[in-house]
Every structure is written in structure tokens, then in C-alpha cells.
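A.B. asks: Have a look at this one.
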Amino acid sequence: MTTEAVGPALDILRTHYGYDQFRFRQSEIVQTLVDGGDALVLMPTGGGKSVCYQIPAMVRDGVGVVISPLIALMQDQVNALNTMGIRASFLNSSQSFETRLEVEKNLLSGQLDLLYVSPERLNTSDFMGLLGRIKISLFAIDEAHCVSQWGHDFRSDYLRLKMLHEAFPQIPRIALTATADRRTREEIVQQLGLQNAVRFVHSFDRPNIFYRIGEGQNNRQRLWQFIEDNHAKDAGIVYCLSRKNVDAVADWLVDKGRIALPYHAGMSSEDRALHQHRFLAEEGVIIVATIAFGMGIDKPDVRFVAHLNMPRTIEAYYQETGRAGRDGLPANAWLAYGMQDVINLRMINQQNDAEETHKMLQHNKLESMLAFCEQVSCRRQTLLAYFDENLDQPCGHCDNCLQPPITWDATEAARKALSCVYRTGQRFGTNYVIDILIGKTDERIERNRHDQISTWGIGKDMSNNQWRSVFRQLLAFAYLESDADLHGGLRLTQRAKPLLAGEEKLHLREVTETGRKKRSSTSRTVIERTNQPLFERLRNLRKTIADENGVPPYVIFHDKTLHEMAAIQPLDLEHMNEISGVGEKKLERFGKAFLHEIEEFVVGLSEDGLG
Ligand code: ADP
Ligand code: ZN
């Protein structure tokens with residue numbers, strides 16, 4: 001029983017990747033495959049899944065076939081491997097016939113360790129024929145949650161991947177995903193026939209991500225404040241619900257002086273590809289997108305993910321925010337939402353012509369998301385609990401932990417609100433009910449004679465804004481529910497009874513009035529930047545080299561590696577080699593240039609000192 005990966009695997013990690021040690025359970029996973037077994041790997045984004053199949057593919061004889069749905073990213077993935085001196089290539093529909101022939105030739109002559117293919121290509125008889133003629137080390141099924149028909153990334157070609165095992169029963173398989181929920185997990189096992197696979201379920205915690213969620217007005221302005229304060233030069237993603245909003249927000253950020261590019265399904269595929277490319281290739285680009293953007297984006301230095309609308313589910317929120325900070329450095333997840341989001345999302349769910357059970361599921365997921373937004377306790381605890389993971393202590397690294405929300409005894413206000421909903425017949429939306437509470441009149445109110453009822457004007461002591469907050473929380477905590485089909489008409493639930501009867505007390509989060517801004521505490525990305533001026537110089541050098549090689553900067557070195565260089569300031573190749581992320585191949589290709597830059601910097605400092 002060994003848990004230590006064998007020598008060759010560790011050697012590869014050191015020479016090609018420049019990392020000292022396997023982390024988490026990477027070495028066990030690698031060992032399982034090297035020994036010919038199957039593995040199911042559930043690991044959050046940034047956990048280090050790639051190594052788990054890349055290294056065994058090199059240790060074992062033959063070529064590792066990697067099935068990935070991300071055609072647009074294959075080129076980047078392969079570039080990154082080639083830069084580390086790993087023999088990899090890809091086959092998909094974006095290539096010319098000649099290029100494909102060339103790849104097939106290399107494949108047949110045993111010159112590849114890894115081959116990336118799209119599921120569509122894999123499922124052709126041509127390709128299966130090709131596979132029959134080569135030695136295969138393993139099959140890796142990346143983004144394995146694409147087999148799940150419940151998920152939003154479903155790809156029908158994934159369903160046919162089971163036949164790989166039937167055609168090649170001796171070849172080990174590994175399925176990988178960052179999707180955490182149990183249902184998807186079971187579906188992967190079923191659909192891919194992985195009942196005998198060893199399961200490796202990693203914690204889904206992303207400790208380097210700081211979570212902040214807020215509601216209120218002027219969301220755009222608040223977004224800008226957040227970006228200015230924390231991410232003046234960083235790359236990030238801003239998610240919006242509608243295409244129109246995507247375009248508007250992108251324009252607005254450009255006006256503010258940032259490079260911001262829209263991305264949504266209404267754009268031509270050329271424009272989308274171009275914007276994705278720029279996001280990866282340039283530094284400090286903000287992409288403003290609908291949820292159409294993001295799967296498989298393995299840009300490691302996305303420093304923030306912002307939502308200008310509420311995501312539909314906690315899974316979606318987790319997945320989207322998970323695109324921040326893959327490199328492990330501090331990153332921010334920032335979300336602003338409003339009541340309108342909830343109403344819109346409910347309507348979208350309702351209009352969807354899915355089965356009733358599916359709608360109900362979506363509805364419940366949305367309610368959980370809303371409750372998550374409104375809660376006053378640790379975000380991370382709830383997030384992880386949602387994925388059946390237990391965090392004993394509050395995390396100390398989210399908005400609620402750092403600045404516990406001020407709560408107030410809202411029992412009276414809640415009772416007023418609930419009885420007003422009741423007295424108006426449980427068919428009106430929030431705006432209308434609030435108007436009654438604060439004692440407004442208009443033609444509609446008079447026509448309904450709601451200016452005559454006992455609850456008219458009983459809430460004059462609170463502002464419209466405060467009432468909105470009360471209603472949102474009553475909805476979030478399920479004292480009220482809203483009719484999705486009837487313009488958001490409110491109804492009481494069972495939970496409302498004890499509160500109305502005075503048997504229960506209720507504390508709610510105090511509304512944050514705009515203007516009364518608290519200092520925003522977020523993950524400051526500067527904390528690990530031990531030598532900022534040198535880091536900036538190394539970053540510029542990296543950009544030049546990346547452009548010369550036609551690859552994104554992070555393919556040369558990750559930020560983390562540059563920070564370490566800037567802090568340690570190695571002055572010869574041997575010391576440079578000790579920096580995490582500097583493998584032999586990269587040392588050979590780029591080591592001198594970076595050494596030179598560091599030397600210049602150090603000399604410059606001492607000259608300054610003399611003068
Ligand atoms: P995932 O596919 O799980 O999102 P990646 O495979 O892209 O994650 O890895 C995330 C980051 O962690 C990458 O920058 C990768 O180079 C780095 N990494 C992976 N394994 C190790 C390791 N053993 N030591 C240090 N860094 C690692
Ligand atoms: Zn917390």
C-alpha cells in the first residue's frame with residue numbers, strides 16, 4: 001500500500017512543472033492510474049487536476065487521450081504543455097485537414113505523450129479507427145459533469161464516452177470535475193460506467209477567495225468603487241444577467257478608463273473568440289459577460305469575479321466565483337443584487353417549459369440562493385454545507401465574519417408587513433404593499449379601497465428602502481412566498497403564523513443606506529507582493545516574451561512564480577531553479593532573461609544608494 005507516487009512521477013513534476021511536491025491527493029491519484037486503475041476526481045477549480053492525468057500519461061507507455069469540451073482553449077492548453085517541454089497536441093474541428101494529418105502522423109509515430117480531443121471528434125469512426133492503431137496510456141475525461149443532464153453544461157456527445165471502456169477495457173480512465181454536488185457525481189459514475197473507480201473527493205473550500213455580498217442601490221457605482229479600491233490593474237470578470245446590460249456595463253467601464261470587453265451569446269463567434277483571446281493574452285482586462293462565459297477558462301490570475309445580478313443557484317455562484325484566484329493568491333468574489341433580480345429569475349424559471357418537478361427544483365435552488373445572500377452568518381460555512389461539507393468554525397474571511405451585520409428586532413415590522421399582505425388579499429407585489437404600509441394613495445389603491453384598511457399607513461415610521469429590505473428578508477427566510485406567474489404577488493407561508501401570533505421573534509439585517517458607506521474590507525491582492533517594483537519589471541518582461549512566443553503571459557510564468565522571484569531575487573540559474581514553477585525547460589528558455597532583469601534591478605538599487 002503506497003501513497004507516495006513513484007519516483008518517475010515526482011521527477012516529472014520537478015523537471016517539467018518546477019514544483020517540489022505533489023499536493024493534496026495528487027500523488028495517490030497519479031499512482032492509481034500508473035497502476036492501471038480508474039479514478040474519479042472531484043476537486044475545486046485551481047486544485048491542480050491537470051497534473052493528475054498529465055503525469056501518469058507520461059509515466060505510462062503510449063499516449064494519454066484527453067477528452068475536453070473546450071475547443072477554444074485546446075490551443076492554449078497545448079501551448080502551455082509545449083512550453084514546459086511536454087509532447088502534446090490536439091485534434092478538433094477548428095483545424096485544417098492538413099494540420100490534422102500532421103497531428104495524426106505524429107500520433108502514429110509515437111511522438112506524443114498527450115492528445116486533446118473534443119468529444120465530437122472522439123465519437124467518429126475515423127478517430128476510433130486511429131485509436132485502434134496506437135498505444136494508449138490512459139483516457140482522461142475532463143469537465144466530466146458535462147454528462148449530467150441536470151446540469152447546464154450538458155453535452156450529448158459525453159453520453160457516448162462509456163463506449164471507450166467497452167472498446168478498450170484495459171486502459172485506465174480518469175474523470176475530473178469541479179462540480180461539487182452529489183447528484184452530478186452519481187450521474188458521472190452511472191453514465192461513464194465508473195463504478196469501480198477510486199473516488200477522490202477534495203474539499204471544495206477556496207480559502208483564498210473573499211466573499212462579499214450586498215444589496216442596495218447604485219450597484220454600478222459600488223462596483224466601480226470596489227474595482228478602483230482593490231483591482232485597479234487586475235484582470236476580472238463581471239457577470240450580468242442580460243446581454244443589454246453586458247454591453248452597457250462594458251461601455252461604462254471603458255469610459256472609466258479600463259479595458260473592458262463584452263461577451264455574450266448574441267455576439268458573433270469571431271468577436272467572442274477575439275474577446276476571450278484578449279482576456280487570456282493581455283493583462284488587466286475585464287470581461288463583462290453573461291453566464292455564457294467561463295467554463296474551462298484556466299487563466300490563473302483572474303483577481304476578481306463580480307456579479308451585478310444574483311446567480312440562479314448556489315452551484316452557479318460557486319462555479320462562477322471559482323474562476324477567481326486559481327493560482328491560490330488572494331482574490332475577491334463580489335456580488336450586488338436587488339429585489340428585481342429575484343423577481344426576474346422567478347419569472348424566467350416559471351416561463352421555462354420544463355417539467356413541473358424540474359421547475360420546482362429550480363425554484364428551491366433560487367430560494368436557497370436568496371437566503372444565502374441575506375444570511376447574517378459566515379458565507380463559507382453555508383456555501384460548503386450546501387455541498388455536504390462541514391466547516392466547524394466561521395471562516396474569518398468573508399464579509400459577515402469580518403463585519404458581522406448589524407441586526408435589529410424586526411418582530412413588529414415583520415408583523416405589520418405580513419398582516420398588510422394578508423389584509424390586501426395575498427395577491428399584490430412588494431411595491432404595492434409597501435405603498436399601503438407607508439400610507440400612500442393613488443388611483444389603484446383608492447379603487448381597491450385599500451386606503452380604508454387597518455394596515456394603511458401603519459408603517460410610516462420606516463422608509464421605503466427599509467421596508468424593501470424587510471420584505472426581501474421575509475421572502476428569503478420563507479415567511480412569504482411569491483407567485484411566480486402573477487407579477488410576484490405575495491402570499492403568507494406556514495412559517496408566518498407563529499410570527500403573526502406573537503409567538504416568535506425575528507431579527508433582521510439592518511439596511512445599509514447608500515451614502516453611509518462602510519470601509520470595504522476585501523482581499524487585498526497586494527499582501528503577497530513583497531517587492532512590487534521588481535514584480536512590475538518582471539511582469540513587463542514576461543509580457544514581452546509572451547508576445548514573442550504568441551502565448552498568454554501565464555504560460556511563461558504564473559504571477560506566483562514572479563512574486564517569488566521578486567522576493568528571493570535569485571542571481572544564478574541554480575537558485576532560479578529552486579523557485580516554484582520554474583522547471584528545467586523554462587529555466588533553459590527564459591531563465592537568463594529573468595536573471596538579467598533581476599540583476600539590473602539590484603544593481604540599480606545599489607547605484608541609487610551610492611548616488
Ligand atoms: P484545475 O484544473 O484543478 O483548476 P490546474 O491543474 O490548472 O487546476 O492547477 C491549478 C494551479 O496549481 C496551476 O497553476 C498549477 O500549475 C498549480 N499546481 C498544480 N499542482 C501543483 C503542485 N503540486 N504544486 C504547486 N502548484 C501546483
Ligand atoms: Zn466567514
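The values are calculated or read from the model by the stated rules, or taken from the named source; none is laboratory data. Quick caveat: nothing in here was measured; it's all calculated off a predicted structure. Cβ sites come from the backbone with ideal geometry, for glycine too, and all protein chains shown count toward neighbours. Ligands, DNA and RNA are excluded from the accessible area calculation, which covers all protein heavy atoms including side chains. Shrake-Rupley method; radii C 1.70, N 1.55, O 1.52, S 1.80 Å.
A.B. asks: Looking only at residues that are in a helix (DSSP H, G or I) and among the basic types (Lys, Arg) in the range 174-206, which one is least open to solvent (accessible area, probe 1.4 Å)?
C.D. replies: Out of the qualifying residues, it is ARG185.
A.B. asks: Just a yes or no: is a residue in the range 94-107 out of contact with any Ser or Thr (no Cβ under 8 Å at 6 or more places or on another chain), crowded, with 16+ Cβ neighbours inside 10 Å and within 21 Å of LEU280 (Cβ to Cβ)?
C.D. replies: Yes - at least one qualifying residue is present in the range 94-107.
A.B. asks: Related question: Looking only at the range 446-454, decide whether some residue is touching a Gly at 6+ places or on another chain (Cβ under 9 Å), assigned to a loop (DSSP other than H, G, I, E, B) and at positive phi.
C.D. replies: no
A.B. asks: Looking only at the range 262-318, count every residue that is farther than 16 Å from MET369 by Cβ and either of a type outside the set (Val, Ile, Thr) or modelled with pLDDT under 95 (or both) and tell me the total.
C.D. replies: So the count comes out to 38.
A.B. asks: Which of the helices (runs of 4 or more DSSP H) found entirely inside the range 1-72 contain at least 2 residues meeting this: touching a Ser or Thr at 6+ places or on another chain (Cβ under 9 Å) and buried (at least 20 other Cβ atoms within 10 Å of the Cβ)?
C.D. replies: Counting at least 2 such residues, we get 26-34, 49-59.
A.B. asks: Filter the range 73-87 down to the residues that are under 22 Å from the mean Cα position of the chain (by Cα), open to solvent by 20 Å² or more (accessible area, probe 1.4 Å) and not polar (S, T, N, Q) and list them by number.
C.D. replies: Once the filter is applied, which keeps residues that are under 22 Å from the mean Cα position of the chain (by Cα), open to solvent by 20 Å² or more (accessible area, probe 1.4 Å) and not polar (S, T, N, Q), the range 73-87 yields ASP76, ALA80.
A.B. asks: Going by what's in this entry, would PHE372 be described as within 19 Å of the chain's Cα centre (by Cα), of a type in the set (A, V, I, L, M, F, W, C) and within 14 Å of ligand 2 (Cβ to nearest atom)?
C.D. replies: It is true that PHE372 is within 19 Å of the chain's Cα centre (by Cα), of a type in the set (A, V, I, L, M, F, W, C) and within 14 Å of ligand 2 (Cβ to nearest atom).
A.B. asks: Next question. Tell me whether the range 378-394 contains one or more residues that are in contact (Cβ under 8 Å) with a residue 24 or more places away in the chain, more than 14 Å from ligand 2 (Cβ to nearest atom) and touching a Lys or Arg at 6+ places or on another chain (Cβ under 6 Å).
C.D. replies: no
A.B. asks: Please go through (1) more than 15 Å from ligand 1 (Cβ to nearest atom); (2) in contact with a Leu (Cβ under 8 Å, 6 or more places away or on another chain) for ILE71 and return the number of the only condition it doesn't satisfy.
C.D. replies: Only one criterion in (1) more than 15 Å from ligand 1 (Cβ to nearest atom); (2) in contact with a Leu (Cβ under 8 Å, 6 or more places away or on another chain) is unmet by ILE71, namely (2).
A.B. asks: Now, a different point. From the list ILE436, ILE453, ILE406, pick out the single residue that is of a type in the set (Val, Ile, Thr) and modelled with pLDDT of 95 or more.
C.D. replies: It is ILE436.
A.B. asks: Say we look at the range 380-418 and pick out the residues that are in contact with a His (Cβ under 9 Å, 6 or more places away or on another chain) and open to solvent by less than 50 Å² (accessible area, probe 1.4 Å); which of these is farthest from ligand 1 (Cβ to nearest atom)?
C.D. replies: So, considering only residues that are in contact with a His (Cβ under 9 Å, 6 or more places away or on another chain) and open to solvent by less than 50 Å² (accessible area, probe 1.4 Å), the one farthest from ligand 1 (Cβ to nearest atom) is THR411.
A.B. asks: Among the residues of the range 98-145, what is the count of those that are part of a helix (DSSP H, G or I) and either closer than 19 Å to LYS162 by Cβ or free of Cβ contacts under 8 Å to residues at least 40 places away in the same chain (or both)?
C.D. replies: Adding up the residues that qualify gives 24.
A.B. asks: Is there any pair linking a residue in the range 16-31 that is outside the structural domain of GLY583 (by TED's automatic domain parsing) and acidic (Asp, Glu) to one that is crowded, with 22+ Cβ neighbours inside 10 Å and in a loop (DSSP other than H, G, I, E, B), with Cβ under 8 Å and at least six apart or on different chains, and which?
C.D. replies: Close Cβ pairs (under 8 Å, with a partner that is crowded, with 22+ Cβ neighbours inside 10 Å and in a loop (DSSP other than H, G, I, E, B)) amount to GLU28/ALA5.
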